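The values are calculated or read from the model by the stated rules, or taken from the named source; none is laboratory data. Computed from a predicted structure; not experimentally measured. Neighbour counts are summed over all protein chains in view; Cβ atoms, including those assigned to glycine, are modelled from backbone coordinates with ideal geometry. Note: areas computed on protein heavy atoms with side chains; ligands, DNA, RNA excluded. Shrake-Rupley method; radii C 1.70, N 1.55, O 1.52, S 1.80 Å.
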Amino acid sequence: MRSMINGGMALIRECMSSINRPEQKAAKYILENPEEIIRLSIQELAKRSDSSPSAIIRLCKTTGMDGFRDLKLRVAGDLQTAANGGEEFKEVQPNDDVPTLIETITNNSMYSLKESLKVLDPEKIEQAVEALHLANRIDFYAAGASQLAAIDGQHKFMRINKHCTAYMDSHMQLTSAVTLGSNDVAVGISYSGETVHVIEAIKQAKENGALTIGLTKFGTNGLAKEVDIHLETLSSESDMRSAATSSRIVQLNVIDILFIGAAGRNYDPSIDYLRKSRNAIQQSYRRK
């Protein structure tokens with residue numbers, strides 16, 4: 001599933017909020033001393049980080065890595081990428097000039113997209129695409145910046161004649177969820193995976209027989225535990241993250257993947273619907 005032997009640092013950062021204290025100690029030490037840990041044994045790392053070998057093994061499992069050796073290989077790959085001038089996430093500084101902002105934010109978005117490639121599971125994407133292709137109706141549930149991805153999903157799937165909604169009001173989301181059935185799909189979008197009303201809407205949709213898809217950050221979270229298909233992404237964010245810049249980009253990218261995949265399942269009719277909607281918009285809203 002993951003072709004590049006790197007990404008260890010990103011996987012560890014992403015799981016920091018969902019692991020216990022001994023694992024956090026080890027994770028923090030790894031992030032602060034990556035050059036050092038690739039030369040340590042698991043016992044040495046446990047001692048230096050005031051953790052334990054079992055906590056480090058749990059950390060590896062939580063991050064989806066195949067043991068301590070895999071962790072060291074991935075961290076070493078991160079260091080090699082950085083040494084070769086490869087892309088890495090960079091913090092936005094308060095006094096950055098506009099050219100620097102343009103370069104930093106663009107590079108960070110590209111970095112997050114490439115990091116997400118390492119955790120997006122093709123088999124789960126395949127399952128989600130098939131479910132959306134066959135669905136009679138699709139509901140998108142989200143809040144805040146994630147709502148932008150939900151609205152984008154509604155716009156795209158509507159253009160290939162899929163009945164879908166992306167209500168912004170949480171009460172409307174819940175009301176819509178209870179009317180779904182066994183031939184429908186509910187998509188919950190929450191980068192943290194802990195948005196309460198999104199989880200509740202997904203629960204209701206599932207209770208009524210709908211297939212459920214969750215789009216969240218990598219790792220275990222509340223939404224991931226509820227859905228039938230869990231799609232995971234990685235996105236580093238700067239301290240100025242109130243606008244959820246990089247996470248929004250990776251969510252939109254996954255929506256594009258799902259849309260193109262589903263449209264391709266029914267190619268000729270999808271192309272016909274897309275042409276009709278484009279022509280209608282051009283005739284009504286654009287100068288001739």
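Some notes on this structure:
- Each residue of region 223-232 was assigned a 3J(HN,Hα) from its phi angle through the Karplus expression (A = 6.51, B = -1.76, C = 1.60, θ = phi - 60°), giving 5, 4, 6, 9, 8, 6, 10, 9, 9, 10 Hz with x at Gly and Pro.
- Calculated from backbone phi, Karplus (6.51, -1.76, 1.60) coupling profile of region 95-101 in Hz, x at Gly/Pro: 9, 4, 7, 4, x, 5, 4
- Accessible area of the chain divided out per residue, in Å², using a probe of 1.4 angstrom: 52 Å²
- Centre separation in Å (Cα based) which lies between region 54-74 and region 104-139: 24 Å
- Whichever aspartates and glutamates have a C-alpha closer than 13 Å to that of Lys25, once near sequence neighbours (fewer than 8 apart) are set aside: Asp50
- Cβ crowding within 10 Å averaged over residues, with 25-34, 139-148 ranked highest first: 139-148, 25-34
- Residues Met172, Met65, sorted by accessible area with the largest first, give Met172, Met65 [1.4 Å probe; ligands and nucleic acids excluded].
- MRE, 222 nm, helices only [DSSP H, n ≥ 4, -39500 (n - 2.57), over the chain, to nearest 500]: -18000 deg cm²/dmol
- Of the Cα atoms belonging to region 31-140, the radius of gyration and Dmax stand at 19.3, 56 Å.
- Label zone at Glu194 (point 7 Å along Cα-to-Cβ), backbone N below 19 Å, region 212-229: 214-227
- The label-point distance for Asn279 and Asp97, in a model that sets each label 7 Å from Cα toward Cβ, rounds to 5.1 nm.
- Computed from backbone phi, the HN-Hα couplings of region 179-192 come to 9, 6, x, 5, 9, 10, 10, 10, 10, x, 10, 7, 4, 5 Hz, rounded to whole numbers (Karplus: 6.51 cos²θ - 1.76 cosθ + 1.60, θ = phi - 60°; Gly and Pro given as x).
- Between the entries (i) 0.96; (ii) 1.02; (iii) 1.00, the label attached to Rg/Rh (Cα atoms, Kirkwood Rh) calculated for this structure is (ii).
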